[in-house]
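What follows is a set of notes on a single structure, which appears directly below.
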Amino acid sequence: MEEVPLEAQRSQAAPAPEAGHSEGTERAGTEARITVDSPDAMQDLGRRIAGLLRPGDLVLLTGELGAGKTTLTRGLGEGLGVRGAVTSPTFVIARVHPSLSGGPALVHVDAYRLGGGLDEMEDLDLDVSLPESVIVVEWGDGKVEELSDDRLHVVIARAVGHEEVLDDVREVSVRGIGARWAAGAGVEALAGVLSE
């Protein structure tokens, strides 16, 4: 599947909601878009996406510093029912949060300080963890795509034109890549979760 540059994604994004509206949703092909208006809404989005995840899933998170990647991951952790507070693993590179309910563990990786690709991350043994875990990689573009042909790519961007008035507003694009998220049940489930 062809990667869509961030600038093109922004130009195709759903219009920002009017004041008072918390979320708007748009779906284009294998991509769903939603606008969230607060950190709480971002965390709730993570909880909703977690309901779709299963062992072996890879989630890539893209967005500038402070966009809400760790907040979304915190929601994923809550939705998956994992142990431990989900915080940014910037200085430890990766944290494993075991399941409290027999589900998949959450492996939370921050690749921000890693300059190379998958070779540089080899010591993390992500390929070994993937089959029984959900792996979430912040700043993983161009570094971990080789782990799986099937992945969710989540791009979080500040809503254009709202920086001063509505600083917490984010446009979130969730794109399913590969057979796991191909047209049908995967995409429909994703669109359904984002429209709740």
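Among the residues of the range 47-59, are any at pLDDT 90 or above, touching a strand residue (DSSP E or B) at 6+ places or on another chain (Cβ under 6 Å) and outside any loop (DSSP other than H, G, I, E, B)? Yes, the range 47-59 contains a residue that is at pLDDT 90 or above, touching a strand residue (DSSP E or B) at 6+ places or on another chain (Cβ under 6 Å) and outside any loop (DSSP other than H, G, I, E, B). When every residue of the range 147-159 is checked against the conditions, none turns out to be on the phi > 0 side of the Ramachandran plot and at pLDDT below 80. Among the residues making up the range 77-110, those that are part of a helix (DSSP H, G or I) and either out of contact with any Lys or Arg (no Cβ under 6 Å at 6 or more places or on another chain) or among the β-branched types (Val, Ile, Thr) (or both) are Gly77, Leu80.
For the range 61-76, how many residues meet the condition of being in a helix (DSSP H, G or I) and either surrounded by fewer than 20 Cβ atoms within 10 Å (Cβ to Cβ) or in contact (Cβ under 8 Å) with a residue 60 or more places away in the chain (or both)?
5
Beta carbons closer than 7 Å, at least 6 apart along the sequence or on distinct chains, pair a first residue in the range 158-182 that is closer than 20 Å to Ser195 by Cα and in a loop (DSSP other than H, G, I, E, B) with a second that is modelled with pLDDT of 85 or more and of a type in the set (A, V, I, L, M) for Ala159/Val169. When every residue of the range 68-90 is checked against the conditions, at least one turns out to be farther than 25 Å from Gly102 by Cα and modelled with pLDDT under 90.
The values are calculated or read from the model by the stated rules, or taken from the named source; none is laboratory data. If you're wondering where the values come from, they're calculated on a predicted model, not measured in any experiment. Because the Cβ atoms are built from the backbone with ideal geometry, glycine has one as well, and the counts that use them run over all protein chains shown.
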